[in-house]
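Report on the structure given below.
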Amino acid sequence: MRTQVGIIGAGPAGLLLSHLLHLRGIESVVLEARTREQIESTIRAGVLEQGTMDVLRESGVGERMRAEGALHHGIELAFDGKRRRIDLHGLTGQSITVYAQHEVIKDLVAARLAADGTILFGVHDVSLHGIETPTPSIRYRHEGEAHTLECDFVIGCDGSQGVSRAAIPVDARRDYERVYPFGWFGILAEGRPTADELIYARHDRGFALISTRSPNVQRMYFQCDPKDSLEAWPDDRIWSELHARVDSADGQQVIDGKIFQKNIVGMRSFVSATMQHGRLFLAGDAAHIVPPTGAKGLNLAVSDVRILSHALEIWYRSGNEAALAAYSETALKRIWRAEHFSWWMTRMMHRLDDASPFEQQLQVAELEHVTTSRTAAKSLAENYVGCVAI
Ligand code: FAD
Ligand code: DHB
């Protein structure tokens, strides 16, 4: 088989890239290891920045997001028994939408299939060849048979566990990494929203986050040991921990309900620099990971493919290679900004077991500052909605 752009991975990065290329008249094939049912039901991120909403809307896949997503104009930071609002819209003129990542995936798969796009699900043994030549290819197995996809470019959108990044020789790239000694325990529960806006809570027992999915389904997280097991957390223990960390002195309480999904994620910061080698380009989690505290992972994947689709369009239209050659450098500016913001939010909001009482007071002092100084609040808001100058 032959196509113009071979894409490995049908996450938000791979699917959106394929969709944007199609709108620019460029053909692609997406190779995905999992089934359609699996990618459309995996629970992950939920916060879409203004720029992400704009790309989805402008490219014609934002209708369900507009109808079913919840537009939020602010977030709350809870600490030391207080709750303070960051007025995202008042400070930046922009807002966020809470709309689950797997719903974005469903919208993108539907759009690709409606346009006769090719997504092959359940492929395995994917390997990359000839990426230093003008005729790279991807070999894979599908439905028991070996195949080769010949293309002009290979795009690695295969997430943090994929095979693409390893195809860049180690002496051509540098990895930057930080692993955090805690994880997030995530739940989905039936019930009404606890609050109108997301609550990020710092508590001596550990961080907690109250988010939402719909008027009847709520998403909540709390800091845990990354080696914890789901069995160690029966529902009663989860609710008493969330109440302890989030309920406020003025009587506002977490609203509990039937828990129907539990998961634990580890937390890591990671950047691969470079994000390109010859005819191979990496996008999304294949090239970088952020801890989830700033809600940046999905949004960074979208910003990568926005840059890459423009650069590929220029190459196909004019043969000019400059934008493609600058892809990694251009994308990394935004990535490092998001890496810093996510690390900073993580450090400010979590219980750090090795922090001295002095350092714990510094966390509270920083929270006081970002919630009282307009300048500091504006900086947080710009980073959160993704409109910070880069
Ligand atoms: P992915 O979504 O990981 O997609 C990669 C795709 O490639 C997958 O479908 C995978 O099956 C496929 N693939 C992998 N290897 C191969 C192969 N060899 N061949 C073919 N296909 C392959 N971010 C937040 O902002 N908030 C959150 O709450 C949050 N929670 C998360 C929870 C988990 C468990 C994880 C893993 C991530 C979470 N993230 C969160 C991050 C966010 O979901 C990611 O940043 C986002 O999914 C990145 O999109 P992507 O397309 O780059 O990668
Ligand atoms: C959600 C996830 C995040 O990482 C975050 O910072 C805010 C909300 C969510 O899944 O709703």
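Residues are listed down the side, and each one gets a yes or a no for (1) among the acidic types (Asp, Glu); (2) more than 16 Å from ligand 1 (Cβ to nearest atom); (3) touching a strand residue (DSSP E or B) at 6+ places or on another chain (Cβ under 7 Å):
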site	(1), (2), (3)
SER160	no, no, yes
PRO215	no, yes, no
TYR221	no, no, yes
LYS227	no, no, no
PRO234	no, yes, no
ASP250	yes, yes, no
VAL254	no, yes, yes
LYS258	no, yes, yes
- prompt: Looking at (1) in the same structural domain as ASP152 (by TED's automatic domain parsing); (2) buried (at least 24 other Cβ atoms within 10 Å of the Cβ); (3) within 14 Å of ligand 2 (Cβ to nearest atom), can you tell me which one HIS288 breaks?
  reply: (3)
- line: Of those in the stretch 304-321 that are touching a residue at least 40 places away in the same chain (Cβ under 8 Å) and away from ligand 1 (no atom under 11 Å from the Cβ), the residue nearest to TYR221 (Cα to Cα) is ARG306
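When you scan the stretch 174-197, do you find a residue that is part of a helix (DSSP H, G or I), of a type outside the set (Lys, Arg) and touching a residue at least 12 places away in the same chain (Cβ under 8 Å), even just one?
no
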task: Using the structure shown, decide if GLY46 is within 20 Å of PRO292 (Cα to Cα) and more than 17 Å from the chain's Cα centre (by Cα).
output: no
- prompt: Which of the following residues is surrounded by 13 or more Cβ atoms within 10 Å (Cβ to Cβ) and closer than 22 Å to LEU31 by Cβ: GLY90, GLY144, GLY130?
  reply: GLY130
- line: Counting only residues in the stretch 22-64 that are open to solvent by less than 50 Å² (accessible area, probe 1.4 Å) and of a type in the set (D, E, K, R), the one farthest from ILE96 (Cα to Cα) is identified as GLU32
field: Condition met for ASP304 (among the charged types (D, E, K, R), crowded, with 16+ Cβ neighbours inside 10 Å, closer than 30 Å to GLY25 by Cβ and more than 16 Å from ligand 2 (Cβ to nearest atom))
entry: yes
field: Checklist (1) more than 12 Å from ligand 2 (Cβ to nearest atom); (2) of a type outside the set (A, V, I, L, M, F, W, C); (3) open to solvent by 10 Å² or more (accessible area, probe 1.4 Å) applied to ASN263, failing item
entry: (1)
- line: Exactly one of ASP87, ASP54 is more than 27 Å from LEU113 (Cα to Cα) and of a type in the set (Asp, Glu), and that residue is ASP87
statement: Scanning the stretch 90-132 residue by residue, those β-branched (Val, Ile, Thr), within 16 Å of ligand 2 (Cβ to nearest atom), out of contact with any Ser or Thr (no Cβ under 7 Å at 6 or more places or on another chain) and not in a helix (DSSP H, G or I) turn out to be ILE96, THR97
- line: Quick count over the stretch 188-202, residues being surrounded by fewer than 20 Cβ atoms within 10 Å (Cβ to Cβ) and closer than 23 Å to SER229 by Cα, is 2
task: Identify all residues within the stretch 320-378 that are open to solvent by less than 20 Å² (accessible area, probe 1.4 Å), more than 19 Å from the chain's Cα centre (by Cα) and hydroxyl-bearing (Ser, Thr, Tyr); write none if there are none.
output: TYR327
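Can you name every residue in the stretch 153-171 that is of a type in the set (A, V, I, L, M, F, W, C), open to solvent by 40 Å² or more (accessible area, probe 1.4 Å) and more than 22 Å from the chain's Cα centre (by Cα)?
Taking the stretch 153-171 and keeping what is of a type in the set (A, V, I, L, M, F, W, C), we get 153-155, 157, 163, 166-168, 170.
With open to solvent by 40 Å² or more (accessible area, probe 1.4 Å) added as a condition, the list becomes 163, 166, 170.
VAL170 - this is the single residue of the stretch 153-171 that is of a type in the set (A, V, I, L, M, F, W, C), open to solvent by 40 Å² or more (accessible area, probe 1.4 Å) and more than 22 Å from the chain's Cα centre (by Cα).
So which residues in the stretch 203-227 are within 22 Å of the chain's Cα centre (by Cα), buried (at least 19 other Cβ atoms within 10 Å of the Cβ) and more than 10 Å from ligand 2 (Cβ to nearest atom), if there are any at all?
PHE207, ALA208, PHE222, GLN223, CYS224
The values are calculated or read from the model by the stated rules, or taken from the named source; none is laboratory data. Computed from a predicted structure; not experimentally measured. Methodologically, a virtual Cβ is constructed for each residue, glycine included, from the backbone with ideal geometry; neighbour enumeration extends over all protein chains shown. Accessible surface areas use protein heavy atoms only, side chains included; no ligands, DNA or RNA. Shrake-Rupley method; radii C 1.70, N 1.55, O 1.52, S 1.80 Å.
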